[in-house]
1. Once the piece of chain linking ALA98 and LYS72 is laid out straight, how much longer is it, given 0.36 nm per residue of separation minus the C-alpha distance between them?
2. Taking the Cβ of GLU64 as the centre, find all other residues whose Cβ is under 14 Å away and add up their charges (Lys, Arg: +1; Asp, Glu: -1).
3. SER25 to ARG110: extension gain in nm, 0.36 nm per residue of separation minus the Cα-Cα distance?
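Please treat every number below as a calculation from the coordinates, not as lab data. All values derive from a computational prediction rather than experimental measurement. In this analysis, Cβ positions are derived from the backbone assuming ideal geometry, glycine residues included, and neighbour counts consider all displayed protein chains.
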Amino acid sequence: MLQVLDGDVIALHTMRWPDEIRDSSAVAPPAVDIGDSEVDGAVALIDAMTTDTLEEFRDEYREELEELIHAKAEHRQPVPVGGAAPEPEGQLVDLMAALNASVEQARASRGEAGEHATVHEMPAPKKPAKKPAAKKTAAKKTTARRKKAS
């Protein structure tokens, strides 16, 4: 519900019953006294964080996008982002070859040149024994029923 309170305050009350609507003084922030030194500090902070020109800022995304559009229009490959393609800094390594070389080096250090491990068959796992089914006992008839029936 939208309500105008005190002539200049608009309050939006949601998920409330009409008798739960609060007065505007309950939602207004409390009054705060601000000294001249605090105002001067805020102005100095704003002046320190602003700039008169935008020359120091550069829209690299726009420049790269324009280059991509021109390259596609001219049917050529675009220049990689950031100019020329960077040289790879590291070397490519075949991990399996490196692992095999490491294993061979470890075997040679232990004196096991060219030997392979012996593979043994694993025994089949034992099946757990089945539990016998619980016996159901017949409910005992009371003697009172037997007497009534006779």
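1. Details: separation 26, 0.36 × 26 = 9.36 nm, distance 4.20 nm.
Difference between extended and current length: 5.2 nm.
2. Net charge in that neighbourhood comes out at -2.
3. Working: separation 85, 0.36 × 85 = 30.60 nm, distance 8.46 nm.
Gain on extension, SER25 to ARG110, equals 22.1 nm.
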